Amino acid sequence: MDLSEDKNVYTGKTVEEATETGLKALNITQEDAIIEIIDEGKKGLFKSTLAKVKITAKQSDAQRASDFIEGLLKIMELDGVCKVSADDDKIDIEIVSSKPRDIVGKKGSTIDAIQTIAGAVANIGKDDYKKVTVDCDGYRDKRDDALIELAHKLARKAVEKGKKVSLDPMNPYERRVIHSALASDPHVKTSSEGKEPNRRVVIIPDNMRPYSGKENGRRNGQRSGGRSGSSRGMFNKDKREMERNGGSAPRPASSSPRRKKEMNFTSTYLGNSKDVDPED
């Protein structure tokens, strides 16, 4: 057996022997290898040639996602290298960088976007989806702790006031953290409302008070108070005018001389335009 100058090319008396040699050298199985037959070898009476194959290890899902992230960081002009930990169900990628804030972004917007795309890259052509988590400088744990603290704080507020409390819009992962944090709280329940990207968690206390009739009346009065006040004022004005006229109803505004003159002119102009002198 000879090993060529290319470390990925292996030889043997047969293709099968060359392949087996290469797989052992790379410590991979045939399912994880890309095998290219360069020469099938020949057996001759005077001269024989060895079979030659080129074997390349398939890139793992985790490595493909890691390479993608490092390439993306270069395009974004951010320094960072990836440390990968993976098993059959999930892939965890930790980005090590001297500027973690730039990678995390405002409220985690940048690292969440990187995680979403990395998950798509890792699962290309896969039937079984692997969850991909991308973290930097322990951001995920810090964010989870902050969300859990916020959830309990707002749950207490909802119970104290007897009113439901709505949180800011969050991504699905963060909403799950809120739901999970309050799942065992006997005094509140949670639900998600709205559509992406404005979907949010709502905390509903068990002691939520319905709006009272007094409150409803106040709100209705505020909405219609202007109109009601205006109607009463017009009624009182008409009543006073009737008293001045000796009990007779007030004259309609249209019966005033000025109004009558205006109406006659309008009627003449619109109904009998041929009788109007153009020079008037």
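How big is D, in µm² s⁻¹, for the stretch 5-65 by Stokes-Einstein at 37 °C and 0.692 mPa s if Rh is the Kirkwood radius over C-alpha pairs? Don't jump to the answer; show the numbers that get you there.
Details: Rh = 12.2 Å.
D = 270 µm²/s.
Tell me, Kirkwood radius of the stretch 1-116 from alpha-carbon pair distances, in Å?
Working: mean 1/r = 0.0582 Å⁻¹.
Its Kirkwood hydrodynamic radius stands at 17.2 Å.
Give the accessible surface of the stretch 77-202 per residue, rounded to a whole number of Å², with probe radius 1.4 Å and ligands, DNA and RNA excluded.
Roughly 62 Å² per residue, with all protein chains present.
Which values, in whole Å and largest first, are the semi-axes of the equivalent ellipsoid of the stretch 117-162 obtained as the square root of 5 times each eigenvalue of the Cα gyration tensor?
Details: eigenvalues 251, 43, 7 Å².
In descending order, the three semi-axes are 35, 15, 6 Å.
Rank by packing, highest mean first: peptides 73-83, 133-143, with packing defined as the count of other Cβ atoms within 10 Å averaged across residues. Mind showing how you got there, number by number?
On the way: 73-83: 13.9, 133-143: 17.4.
Per-residue Cβ counts within 10 Å, averaged per peptide and sorted highest first, yield 133-143, 73-83.
With each label point set 7 Å from Cα along the Cα-Cβ vector, what nm distance links Asp128 and Ser85?
Using points 7 Å along Cα→Cβ, the separation is 2.1 nm.
Roughly how many Å² is the accessible area per residue of the stretch 13-56, as a whole number, for a 1.4 Å probe? Before the final figure, lay out each step's value.
Details: 3390 Å² over 44 residues.
Ligands and nucleic acids excluded, the figure is 77 Å² per residue.
Computing the accessible area with a 1.4 Å probe over protein heavy atoms, can you report the carbon and sulfur percentage for the stretch 1-119? Please report the intermediate quantities before stating the final value.
Details: 4050 of 8030 Å².
Answer for the stretch 1-119: carbon and sulfur cover 51 percent of the accessible area.
Compute the Rg/Rh shape ratio of the stretch 76-174: radius of gyration over Kirkwood radius, all on alpha-carbon atoms.
Details: Rg = 16.6 Å, Rh = 15.5 Å.
A ratio of 1.07.
So which of Lys99/Lys195; Lys58/Lys83; Lys7/Lys42; Lys7/Lys99; Lys106/Lys164 end up more than 30 Å apart by C-alpha? The partial results should precede the final answer.
Working: Lys99/Lys195 34 Å; Lys58/Lys83 19 Å; Lys7/Lys42 22 Å; Lys7/Lys99 38 Å; Lys106/Lys164 28 Å.
Over 30 Å apart, Cα to Cα: Lys99/Lys195; Lys7/Lys99.
The values are calculated or read from the model by the stated rules, or taken from the named source; none is laboratory data. Note that the structure is predicted; figures quoted are calculated from it, not measured. So basically every Cβ, Gly included, is an ideal-geometry build from the backbone, and we count neighbours across all protein chains shown. Heads up: the accessible areas ignore ligands, DNA and RNA and are worked out on the full protein's heavy atoms, side chains in. Shrake-Rupley method; radii C 1.70, N 1.55, O 1.52, S 1.80 Å.
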